[in-house]
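> Handing you a structure now.
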Amino acid sequence: EKILLGNDKFGFVMARDYKWRKGAGIEEMHYLTMVTDRSLRSIRDLRGRHVPMLTRMKQMVTEYICKTHGLPKSKVRAYFHYFPTFWHLHVHFAYTNSHSSHADVNLDDVIDSLKRNPEFYSDEASFDILISDTRYPKLYRQAVGMGLLP
């Protein structure tokens, strides 16, 4: 596919995902961003130092999608899969009402977790909470309140 946005300077590139068939409606919208740092294979490799790149990605890609398709930001969903379908860190950007699964990890939640704890995704206890329940921010706060996590 054709790169529509991004480069090494930004730390990511974006293209239309093959899942979004030509001629399909906006409800099927699906873009894929891939980080240019090949050492990042999944969210487990993310640290606090990656927050600026993730924030820039979210802002630039969402802006591009909203401008190109006339959508409000509230209709754009950004997420990772864990476990990923391939081991090169990538983020899915899709129409809000598109299918989601228990393997989806919201980009905003990842950014928030890394701001609170730069090593969040390297910590087994934190990550066990993440993958055991899609409401993990609530569980994370509970575990911190109980002194189980930093």
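No lab work stands behind these numbers, since they all come straight from the coordinates. None of these values were measured; they are calculated from a predicted model. When we count neighbours, we look across all protein chains shown, and the Cβ atoms used for this are built from the backbone with ideal geometry, even at glycine.
> Express in nm, to one decimal, how much length is gained between R47 and K73 on full extension, taking 0.36 nm for each residue of separation and deducting their alpha carbon distance.
6.8 nm
> Would you be so kind as to identify which of A94, T33, I43 lies farthest towards the positive end of the dipole of the range 20-119, taking Lys and Arg as +1 and Asp and Glu as -1 on Cβ and the Cα centre as origin?
T33
> Determine which lysines satisfy two conditions relative to K115: a Cα distance under 21 Å, and not lying fewer than 8 residues away in the same chain.
K58, K138
> Using only the Cα atoms of the range 33-107, build the gyration tensor, take square roots of its eigenvalues as a ≥ b ≥ c, and label the shape rounded, prolate or oblate: rounded if a/c is under 1.5, else prolate if a/b is larger than b/c, else oblate.
oblate
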